[in-house]
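The values are calculated or read from the model by the stated rules, or taken from the named source; none is laboratory data. These numbers come from a predicted model, not from an experiment. Quick reminder, even Gly has a Cβ in these numbers, built from the backbone with ideal geometry, and neighbours come from all protein chains shown. Just the protein is used for accessible areas: all its heavy atoms, side chains included, with ligands, DNA and RNA removed. Shrake-Rupley method; radii C 1.70, N 1.55, O 1.52, S 1.80 Å.
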Amino acid sequence: MTDPTPGAEILHLAADFPPAPTAAWEAAIQKDLKGADYEKKLVWRTDEGLAVRPYYRREDAAGVTAPVGIPAGWAIVQDGALPDNAVRADEWHDQGATAVQELAYALSAAVEQLANGSKPAFVFAIGSNYFFEIAKLRAARLLWQQVAQAFGATEPVAIYARTARSNKSLFDPYTNLLRVTTEALSAAIGGCDALTVEAYGFDSHLAANVHHIVKEEAHIDKVADPAAGSYYVESLTHSLAQEAWKLFQQVEAQGGFTAAKPAIEAAIAASRTAKEKAVASRRRTLVGVNNYPNTMEKTPASGIIPARWRLAQPFENIRNRTLRYAKANGRYPKVLLLKRGDVKMRMARAQFCLNFFGCAGFDIVESDTLEHADLIVLCSSDPEYLGLALDVIPQTEAPVLVAGNPKDQIDALKGAGVAGFVHLLSNAVDTLTEWQDKLGLPKLDQEPIR
């Protein structure tokens with residue numbers, strides 16, 4: 001290259017920064033892992049059973065077919081109006097279906113409509129799994145291309161999208177606004193033809209504004225298929241389409257969509273149960289619901305989220321049970337996080353317990369001094385727990401728990417009077433419900449305590 005500025009240094013970026021081969025990246029990763037298991041540390045296994053690697057390169061997208069018919073813009077549909085022939089994959093999403101199930105069942109239902117001489121349209125709910133939702137809509141067009149060719153259909157399928165309902169919560173409702181914003185972006189980048197952003201616990205004008213921000217400030221509608229060329233998204237689109245095609249073929253082998261409905265409902269129910277367990281154990285985070293709760297927020301947002309099933313409902317039931325107790329007694333159950341000993345461990349475990357018990361709506365107090373509480377949680381290091389328990393338990397009538405899972409001391413701690421343990425493997429719904437029962441909080445179908 002020739003630089004017009006006399007005396008300026010000429011940069012040869014391509015020569016000075018040669019591309020690093022995949023083997024070099026892998027060697028650097030193995031060095032940083034220091035013997036840790038690559039698959040366990042860096043590979044994410046999704047609800048769909050897909051393995052998502054820590055990075056993607058050009059070779060990962062080699063031979064991947066790009067979808068066609070992706071529009072550069074979308075229609076704003078605030079009333080949620082849908083065509084009569086719409087395939088309602090959004091309902092399966094909000095019943096707990098995986099992305100692969102949504103795609104496969106939508107394709108099977110579309111094939112039935114095509115066979116009957118009707119051209120379908122797809123309706124998808126868009127959840128918070130940002131890149132997967134982008135890839136889901138792109139995969140839907142790929143799958144449609146394959147089926148449409150067999151029926152001689154030439155026009156691209158219309159895709160209607162709306163923000164999901166199953167991941168929304170009545171507590172910390174402005175987190176719902178963040179959710180619908182990323183969901184709207186996923187839908188727009190994924191190439192929907194029409195988009196509905198619904199308000200859940202926040203003002204409806206904010207939902208309408210999401211459209212305008214994505215269109216007029218982010219300018220997402222100026223480019224057709226903005227995800228094209230992303231090695232990760234292209235690979236993910238291909239993987240979802242492949243897995244959905246396999247499942248579609250299984251449905252067709254059972255006689256088609258209508259004949260396979262009982263099996264489809266059973267499969268969605270199994271996926272729903274798996275998601276419920278992941279949220280209850282906090283392996284899957286719903287911000288403000290099962291982790292990072294706003295401990296100052298005691299009452300839910302007004303209104304009803306129009307969904308038969310939501311991931312937040314078990315935690316909302318726990319919070320509402322606490323609220324009912326507080327209204328009847330003039331106070332909330334108090335949990336004391338008693339922090340002593342090793343600074344690093346006591347702080348980390350106290351933070352864990354603040355999130356854990358905060359999800360029940362309890363009042364949480366952190367202190368290194370024993371004081372009156374309904375429930376006391378010892379926050380320290382494993383070697384210090386037995387001595388701490390022997391000191392504290394005789395001084396209080398409140399149940400005493402241990403933050404952690406000191407396996408070698410479980411029996412000794414129980415013998416000292418420890419009433420339970422909370423740790424990363426605890427099922428939060430079961431554990432919080434257990435302690436609401438033991439503390440005498442009335443169940444939601446019972447009369448309040450007088």
Inside the stretch 16-65, can you point out the residues that are surrounded by 12 or more Cβ atoms within 10 Å (Cβ to Cβ) and not in a helix (DSSP H, G or I)?
-> V43, T46, D47, E48, L50, V52, R53, Y55, Y56, R57, V64, T65
Being of a type in the set (A, V, I, L, M) and closer than 29 Å to R179 by Cβ is the filter; apply it to the stretch 323-333 and report the residue that is surrounded by the fewest Cβ atoms within 10 Å (Cβ to Cβ).
-> L323
Just give me the residues in the stretch 114-153 being closer than 24 Å to V64 by Cβ, of a type in the set (A, V, I, L, M) and either in contact with a His (Cβ under 7 Å, 6 or more places away or on another chain) or open to solvent by 60 Å² or more (accessible area, probe 1.4 Å) (or both), in sequence order.
-> A150
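So how many residues does the stretch 213-262 have that are small (G, A, S) and open to solvent by 70 Å² or more (accessible area, probe 1.4 Å)?
Of the residues in that region, 1 qualify.
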Tally time: how many residues in the stretch 299-318 are charged (D, E, K, R) and in contact with a Ser or Thr (Cβ under 8 Å, 6 or more places away or on another chain)?
-> 2
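Look through E102, E91 and report the one residue that is among the charged types (D, E, K, R), surrounded by fewer than 22 Cβ atoms within 10 Å (Cβ to Cβ), under 30 Å from R283 (Cα atoms) and modelled with pLDDT of 95 or more.
Going through E102, E91 in turn, the sole match is E91.
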Output the residues belonging to the stretch 295-322 that are open to solvent by 20 Å² or more (accessible area, probe 1.4 Å) and under 18 Å from G440 (Cα atoms).
-> N317, N320
In the stretch 200-212, which residue that is open to solvent by less than 60 Å² (accessible area, probe 1.4 Å) and in contact with a strand residue (DSSP E or B) (Cβ under 9 Å, 6 or more places away or on another chain) is modelled with the highest pLDDT?
-> V210
Among the residues of the stretch 433-443, is there at least one that is more than 15 Å from R349 (Cβ to Cβ), at pLDDT below 95 and more than 29 Å from the chain's Cα centre (by Cα)?
-> yes
Taking the stretch 394-412, which residues are farther than 25 Å from E371 by Cβ and either under 34 Å from the mean Cα position of the chain (by Cα) or in a strand (DSSP E or B) (or both)?
-> N405, K407, I410
Return yes when L354 is within 25 Å of R165 (Cβ to Cβ) and either in contact (Cβ under 8 Å) with a residue 12 or more places away in the chain or open to solvent by 10 Å² or more (accessible area, probe 1.4 Å) (or both) and no when it is not.
-> no
